[in-house]
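S.K.: Below is one structure. I have some questions about it.
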Amino acid sequence: GAVVSQHPSRVICKSGTSVKIECRSLDFQATTMFWYRQFPKKSLMLMATSNEGSKATYEQGVEKDKFLINHASLTLSTLTVTSAHPEDSSFYICSAVRQGDGELFFGEGSRLTVL
Amino acid sequence: AQSVTQLDSQVPVFEEAPVELRCNYSSSVSVYLFWYVQYPNQGLQLLLKYLSGSTLVKGINGFEAEFNKSQTSFHLRKPSVHISDTAEYFCAVSNSWGKLQFGAGTQVVVTP
């Protein structure tokens, strides 16, 4: 079946550094991907909609300059957490809409820990 | 605007007993409805979805859900649970395909 891969699955970084998380559709093309954030024992909150070849659309309250999203190809979207701080520690999950039939697939998530 | 309410934060259940997870939603437009399962430190796995048509939706692993428009509900059921069903379950709605709003989640704990 269709697979969405996230890399890295776990990352630990120091406060002030930037971290890039990749979301890749392995066997299909996705014009639209979504990024969610999940706090411990909490639900998923939509951060932004990533469209191939155009700027991402951010949800209210999400800092665009903090969470940079790039959707450079039909199979790859990246989320860069800039100048990360401990409060950015979270589980980040992406989803991708398969071009053609519109089926939606989720990645396995990336756990970011900022020290 | 739309919202999703999962009425139970945790549901303890004995193995081989039935389980029902409740989900209510509000929306001013037609919505798509989903149930996902999440195991610890993993992503989401789709159990089932309602797009249109029959209000009784059958999903994977023996789960089913019924869409009730008048009660704006989409409750998830399984007639006999296994230990392996212990996980977090999320109800979600969408009125813009792919863009999901999730409920707070229900932790199902299955004990022998």
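The numbers here are math on the coordinates, done by the rules we state, and not lab data. None of these values were measured; they are calculated from a predicted model. Counting neighbours? That spans all protein chains shown, and the Cβs are built from the backbone with ideal geometry, glycine included.
S.K.: Sort largest first and round to whole Å: the equivalent ellipsoid semi-axes of chain B, each the square root of five times a Cα gyration tensor eigenvalue.
M.R.: Numbers: eigenvalues 106, 41, 30 Å².
Semi-axis lengths for chain B are 23, 14, 12 Å.
S.K.: Loop only by DSSP, 12 or fewer other Cβ within 10 Å of the Cβ. Give me the GluC sites (Glu not before Pro) in the range B:4-81 that pass, ordered by residue number.
M.R.: Details: sites: B:GLU15, B:GLU16, B:GLU20, B:GLU64, B:GLU66; in loops: B:GLU15, B:GLU16.
Passing both the DSSP loop test and the Cβ count: B:GLU16.
S.K.: Pull out a ≥ b ≥ c, the square roots of the eigenvalues of the alpha-carbon gyration tensor of the range B:1-54, then state rounded if a/c is under 1.5, prolate if not and a/b is larger than b/c, and oblate in the remaining case. Could you put the intermediate results ahead of the total?
M.R.: Values: a/c = 1.76, a/b = 1.62, b/c = 1.08.
It comes out prolate by the Cα gyration axes.
S.K.: For chain B, what relative contact order do you get, as a whole percent, if you take Cα pairs closer than 8 Å and at least 6 residues apart?
M.R.: 37
S.K.: Which shape class, rounded, prolate or oblate, goes with chain A when its Cα gyration tensor gives a ≥ b ≥ c as root eigenvalues, a/c under 1.5 marks rounded, and past that a/b bigger than b/c marks prolate?
M.R.: Taking the square roots of the gyration eigenvalues as a ≥ b ≥ c, chain A is prolate.
S.K.: Can you give the net charge of the other residues whose Cβ lies under 11 Å from the Cβ of A:THR31, counting K and R as +1 and D and E as -1? Walk me through the numbers on the way to the answer.
M.R.: Numbers: positive: A:ARG98; negative: A:GLU52.
Neighbour charge sum, excluding A:THR31 itself: 0.
S.K.: Hey, another quick one. How large is ³J(HN,Hα), in whole Hz, for each residue of the range A:38-52 in order, when computed from phi with the Karplus curve 6.51 cos²θ - 1.76 cosθ + 1.60 and θ = phi - 60°, using x for Gly and Pro?
M.R.: Once θ is set to phi - 60°, the couplings for the range A:38-52 become 10, 7, x, 6, 10, 7, 8, 10, 5, 9, 6, 9, 10, 10, 4 Hz.
S.K.: Calculate the mean, over all residues of peptide B:92-99, of how many other protein chain Cβ atoms lie within 10 angstrom of the residue's Cβ. Could the numbers behind the result be given before it?
M.R.: Working: counts 2, 0, 1, 0, 1, 4, 12, 9.
Whole-number average of other-chain Cβ neighbours for B:92-99 is 4.
S.K.: Once amide H atoms are built 1.01 Å from N in the peptide plane, which residues 5 or more positions from B:LEU47, or in another chain, come under 5 Å H to H?
M.R.: For B:LEU47, whose amide H was placed from the backbone, the distant partners under 5 Å are B:TRP35, B:TYR36, B:VAL37.
S.K.: With contacts defined as alpha carbon pairs under 8 Å and 6 or more residues apart, what's the relative contact order of chain A in percent?
M.R.: Normalised by residue count, the contact order of chain A is 36 percent.
S.K.: Could you derive backbone 3J(HN,Hα) for the range A:24-32 from the dihedral phi with the Karplus parameters 6.51, -1.76 and 1.60 (θ = phi - 60°), listing whole Hz in sequence and x where the residue is Gly or Pro?
M.R.: 10, 8, 7, 9, 7, 9, 9, 6, 10
S.K.: Which links in A:LYS20/A:LYS41; A:LYS42/A:LYS66; A:LYS41/A:LYS66; A:LYS64/B:LYS49 stretch past 28 Å when you go from one Cα to the other? Don't jump to the answer; show the numbers that get you there.
M.R.: Working: A:LYS20/A:LYS41 24 Å; A:LYS42/A:LYS66 21 Å; A:LYS41/A:LYS66 23 Å; A:LYS64/B:LYS49 31 Å.
Distance filter (> 28 Å) returns A:LYS64/B:LYS49.
S.K.: List every residue whose amide H lies under 5 Å from the amide H of A:GLN29, counting only residues 5 or more places away in sequence or on a different chain, with H placed 1.01 Å from N in the peptide plane.
M.R.: A:GLN99
S.K.: Next up: For the protein assembly as shown, can you list the cysteines whose C-beta has no other cysteine C-beta under 4.7 Å from it?
M.R.: A:CYS13 - these cysteines have no disulfide-compatible partner (Cβ-Cβ under 4.7 Å) in the protein assembly as shown.
S.K.: Next up: In whole Hz and in residue order, list the ³J(HN,Hα) couplings for the range B:54-65 that follow from phi through the Karplus curve 6.51 cos²θ - 1.76 cosθ + 1.60, θ = phi - 60°; x for Gly and Pro.
M.R.: The phi angles translate into 4, 7, 9, 10, 9, x, 7, 6, x, 7, 8, 9 Hz.
S.K.: Give me D for the protein assembly as shown in µm² s⁻¹, whole number, from Stokes-Einstein with Rh from the Kirkwood sum over alpha-carbon pairs, 25 °C and 0.890 mPa s.
M.R.: On the way: Rh = 18.2 Å.
Estimated via Stokes-Einstein, D reaches 135 µm²/s.
S.K.: Could I ask something else about it? If the reach is capped at under 20 angstrom between alpha carbons, list the aspartates and glutamates near A:LYS55, excluding any in the same chain fewer than eight residues apart.
M.R.: A:GLU22, A:GLU63, A:ASP65
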